[in-house]
Structures are given as structure tokens and as C-alpha cells.
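Here the structure is laid out as C-alpha cells; the discussion comes afterwards.
The values are calculated or read from the model by the stated rules, or taken from the named source; none is laboratory data. Everything quoted here is computed from the prediction, not taken from an experiment. Ideal geometry is used to build each Cβ from the backbone, glycine not excepted, and the neighbour counts take in all protein chains shown. Note: areas computed on protein heavy atoms with side chains; ligands, DNA, RNA excluded. Shrake-Rupley method; radii C 1.70, N 1.55, O 1.52, S 1.80 Å.
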Amino acid sequence: QSAGLWIAGHRIPDSMGHKLDSPDRAGMVDAARRAALHRTLRSGERLWQAHPLEPARLAAPYSGGDPVLWERLQLRPLSADASRGEPEGSSMTLLVARPRPSVPQGSRGQQRHPAVLLLHSTGKCKEWLAEHLERLARSGFVAAAFDARYHGERALPQAGLPGAEALSLIALGPGLSELILETEQSRLEVYHKALIRAWRTGAERPFVFDTTSDAMDVLDVLGDRPDVDRKRIGVVGVSLGGMAAWLLSAADERVAVAAPAIGVQSFSGALRLGLWGGRVDSLRPLFDTAAADLGRSEIDTAVVKAVWSRLVPGLAEDDKDDISAFDAALSLRCVAPRPLFILSGDEDPRCPVDLVRSAVADASEAYVAKGAAGLIRHFVQSSTGHEMTPCMWEEIDSFLMQTLSGRGDGLPPASKL
């Protein structure tokens, strides 16, 4: 091989005598890692057709204030991708809330709005986020959500809710949120079975990776809408959705701003320090099965590492010279210089805050190198575990208004414990 730095078979030129840790060289590695993550998540691009499932509806079912326009769209791929675990005819449903139009949709005078893709947590579904979709639409955003793999309608017909119209636009409201909570366990059982199947067969990656791939497809659809400014699309995710938001923003530069909440974590750091218990407990059937399959009497670090290597290859790897290593300290760097707002609870057992702080500190170096030191922030909610607080949502709203709507500059200040 010729002179220069070689990373996973890719040559990073050694020009002008730059050292390995120089800003220029680090930027090249970050770009190569972003490309590698993109390839890992998305094996190929597809064309989608969006079909309304019912007429759009003007309503404000959560606030009772000025109505927003709701849409429920079925997204159908023109061809399925077997490598992504998709059967022929697979589809997704997109729930959209947008500002009330001042002119008919599709007309030449139609205004283009910033858009926000919201990604839900484990066991929930797109309708669980409808309250936040409505609030964002009233603030001038086109807000959208879809079901993660093996969640919502992608787990059970009508998400396991009674009645053929259980998920229709007219059903939106606090009562639907209560039903989603009451029926969560039935959907979780489907999800856990899918994780176990993926562990045993390797045919799918339903923990984070497949959902992030789907989010890339949804970005295609949002960017093609005549009411969306494709240069101003942000992503917000909670827990499982926070992990997907982190990886999506790292892999896909179409994401203009990102706010991953209670999702960013160091998988490699948790393995090294034995801090994986909280995350494992959230996926206990999977890890119990893996331990038994590996002939272990109990779950240990080796079992956890084997599961992550199988389901999310690279996510628990932190070798900076390997562009297929995607742990938080490495992949968060790939978001720079785009605005990034990470939210954590200081008592979160699934995402230990000290490990998140360390990852943010490493990623901040990339922002400094690109002259964007003020565009990465870490908000830590005190006395908070793995949960979202009203204050966290207020911080996210402020972040989106300042970075996407053109009503502010930079990011809100980071909190201090």
C-alpha cells in the first residue's frame, strides 16, 4: 500500500505532513465514517408512492385552539428490499400535522415550511407523538411521525386497538393516548419476538438500524412535499427514537438539525464499565434468549457484546481508526457543523450521563474544528431518570424555533447540574 493513513481499506491521504489528530485529517475520517454509517444503514434507495388513507382534517384534538391540518398517508415502496427484511408490498403509514394552509395545497403560492420528523420510544407509536405534532404545526412546522419497526401498525393491525377506525384522524386525542398505553404490552411482545428472531437469524436489524433506514426513506418523502423546505428538515427522537435520531443525523446530511433525547449513549463505555444493566433490562427477553443460546447461566458482558455485534454492528465499537466503528463519541462528530441538541436525565440507567458527557466532549472537538463550537449543546435534566419532562419538550421547542424557523440564532444554553 502507498504512503498515507489506511482505515478499513480506505486511504486517507497524508498530505502536507498532517498528523493523525490534525483537524483536517480528523475531518476526513469523520466524512469517511459518515459514509460508512450511511452504507450500513441503507443498502439502496427506493422510490415511494404516498397515498392518502382518508381525507385531510382540520382539527386541534389536543390543544382545543386554532386547528392544524392533519394527514394520514400510506407510503408504499415501488419494490421491496429483501436485504432490509422487507416483504413484497411492505408499507409505512405517515401521520402529518401542518399549519393551516392560506392557499390551496399544490398551488403556486403555497408556502414552504420547515419540517420536523419525530421518532417515538419503545412500545409506543406515531400516534403517541400526535400531541407534539400538533404543537409544532401550530408553530409553523410540517411535523411528521411513523411507526418504528414492529411497533404500532407495524406490530399489530390497528396497533392492537379495538375498532376499524381506532387510528383514524377523528380518533386523535387524549383518549387515544390512554388506549396506546393500555395496549402497549401486546405490541412489545411482537417487538421482542422480532429481536430474538434477528439475533438468531441475522436477517433483520429491528433494534435501531432498520428504523433509522426507514427514517431515511421518510426524509425522501418529506423533501418532495411542495409545502416543505427541504433545506430545513430537523429530527427529534425519544429513547429508541433518540438513538435513531442520533444515527440518522450522523449518517444523512439532509438532516439540518437534530435533537436526540434520552437516546444518546456510549455502548462501548457501558461494556467497558459494566454499566449495561439498564439497557439490557429494557430488552430482557432478547438477552435472556441470547445468554441461553450461548450456554451462559446468566447475562454477562460477553453476552451483551455478542448481541450488539449481531444486531447493531459497529455501534459498540470505539476504535477511532476504524470507520466502521459508530459509538457515540465517534459518530456524533459526523453531525458537525449542523446544530445538535442532546438531552439527558442525570439519573438515567439506560444512558449513563457521565458517558454521554464524555461523548459530547469528544464530538465538540469536531464542532470547534469547523468553527461551530456554539452549535452543539447537552441539556441535562436534574433528578430525572429515563423519561421526558415538560421542561425537556420546552427546550426542544426552543431549539427548533432558533435553528429551523429563522426566529433565532444558535442554540439555547446548556443546563448546569
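Among the residues of the range 124-181 satisfying the criterion of being among the acidic types (Asp, Glu) and touching a helix residue (DSSP H, G or I) at 6+ places or on another chain (Cβ under 9 Å), which is farthest from residue 91 (Cα to Cα)?
Going through the range 124-181, the residues among the acidic types (Asp, Glu) turn out to be 127, 131, 134, 147, 153, 165, 178.
Filter once more, so that each one left must be touching a helix residue (DSSP H, G or I) at 6+ places or on another chain (Cβ under 9 Å): 127, 131, 147, 153, 165.
Numbers: 127: 17, 131: 24, 147: 11, 153: 10, 165: 19 Å.
Checked the range 124-181; the qualifying residue farthest from residue 91 (Cα to Cα) is 131.
Could you please let me know if residue 259 is part of a strand (DSSP E or B), among the aliphatic types (A, V, I, L, M) and touching a helix residue (DSSP H, G or I) at 6+ places or on another chain (Cβ under 6 Å)?
On the way: part of a strand (DSSP E or B): yes; among the aliphatic types (A, V, I, L, M): yes; touching a helix residue (DSSP H, G or I) at 6+ places or on another chain (Cβ under 6 Å): yes.
In short, yes.
Give the number of residues within the range 204-228 that are open to solvent by 10 Å² or more (accessible area, probe 1.4 Å) and part of a loop (DSSP other than H, G, I, E, B).
5
Which condition does residue 408 not pass, out of (1) at pLDDT below 95; (2) in contact with a strand residue (DSSP E or B) (Cβ under 6 Å, 6 or more places away or on another chain), if it passes all the others?
(2)
Looking at 88, 54, can you tell me which residue is outside any strand (DSSP E or B), charged (D, E, K, R) and modelled with pLDDT of 95 or more? Quick ask: steps written out before the conclusion?
Working: 88 fails: modelled with pLDDT of 95 or more.
Result of the check over 88, 54: 54.
Looking at this structure, is residue 249 buried (at least 24 other Cβ atoms within 10 Å of the Cβ) and modelled with pLDDT of 95 or more? I'd like the intermediate steps shown before the answer.
Values: buried (at least 24 other Cβ atoms within 10 Å of the Cβ): yes; modelled with pLDDT of 95 or more: yes.
Yes; evaluated as a whole, the condition is true for this residue.
Can you find, within the range 91-103, the residue that is least open to solvent (accessible area, probe 1.4 Å) among those that are part of a loop (DSSP other than H, G, I, E, B), modelled with pLDDT of 65 or more and under 17 Å from residue 140 (Cα atoms)? Can you show your working first?
Step one: of the range 91-103, the residues part of a loop (DSSP other than H, G, I, E, B) are 91, 99-103.
Next, only the ones that are modelled with pLDDT of 65 or more stay: 91, 99-102.
Now drop any that are not under 17 Å from residue 140 (Cα atoms), which leaves 99-102.
Details: 99: 16, 100: 147, 101: 46, 102: 107 Å².
This residue is 99.
Any chance you could count how many residues in the range 377-392 are surrounded by fewer than 18 Cβ atoms within 10 Å (Cβ to Cβ) and not in a loop (DSSP other than H, G, I, E, B)?
First, pick out the residues of the range 377-392 that are surrounded by fewer than 18 Cβ atoms within 10 Å (Cβ to Cβ): 382-383, 385, 387, 389-391.
Now drop any that are not not in a loop (DSSP other than H, G, I, E, B), which leaves 390-391.
Counting residues in the range 377-392 that are surrounded by fewer than 18 Cβ atoms within 10 Å (Cβ to Cβ) and not in a loop (DSSP other than H, G, I, E, B) gives 2.
Of the residues that sit in the range 347-359 and are assigned to a helix (DSSP H, G or I) and either free of Cβ contacts under 8 Å to residues at least 40 places away in the same chain or touching a helix residue (DSSP H, G or I) at 6+ places or on another chain (Cβ under 6 Å) (or both), which one is most open to solvent (accessible area, probe 1.4 Å)?
Out of the qualifying residues, it is 354.
Select from the range 365-374 the residues that are open to solvent by less than 50 Å² (accessible area, probe 1.4 Å) and in contact with a Lys or Arg (Cβ under 9 Å, 6 or more places away or on another chain) and list them in ascending order. Give the derivation first.
Restricting attention to the range 365-374, the residues satisfying the condition of being open to solvent by less than 50 Å² (accessible area, probe 1.4 Å) are 366-367, 372, 374.
Of everything in the range 365-374, those that are open to solvent by less than 50 Å² (accessible area, probe 1.4 Å) and in contact with a Lys or Arg (Cβ under 9 Å, 6 or more places away or on another chain) turn out to be 366, 367, 372.
Keeping to the range 317-329, report how many residues are open to solvent by less than 20 Å² (accessible area, probe 1.4 Å) and within 17 Å of the chain's Cα centre (by Cα).
Residues of the range 317-329 open to solvent by less than 20 Å² (accessible area, probe 1.4 Å): 323, 325-328.
Still in the running and within 17 Å of the chain's Cα centre (by Cα): 326-328.
Selection size over the range 317-329: 3.
Please work out which one of (1) touching a residue at least 60 places away in the same chain (Cβ under 8 Å); (2) over 21 Å from residue 122 (Cβ atoms) is the condition residue 391 fails and give its number.
Condition (1) is where residue 391 drops out.
Say whether the condition of being of a type in the set (A, V, I, L, M) and in contact with a Pro (Cβ under 7 Å, 6 or more places away or on another chain) is met by at least one residue in the range 274-282.
Filtering the range 274-282 for residues of a type in the set (A, V, I, L, M) gives 275, 280.
If we keep only those that are in contact with a Pro (Cβ under 7 Å, 6 or more places away or on another chain) as well, we get 275.
There is at least one residue in the range 274-282 that is of a type in the set (A, V, I, L, M) and in contact with a Pro (Cβ under 7 Å, 6 or more places away or on another chain).
Of all residues being in contact with an Asp or Glu (Cβ under 6 Å, 6 or more places away or on another chain) and hydrophobic (A, V, I, L, M, F, W, C) in the range 367-407, which is farthest from residue 333 (Cα to Cα)? Just the residue, please.
The extreme case among them is 380.
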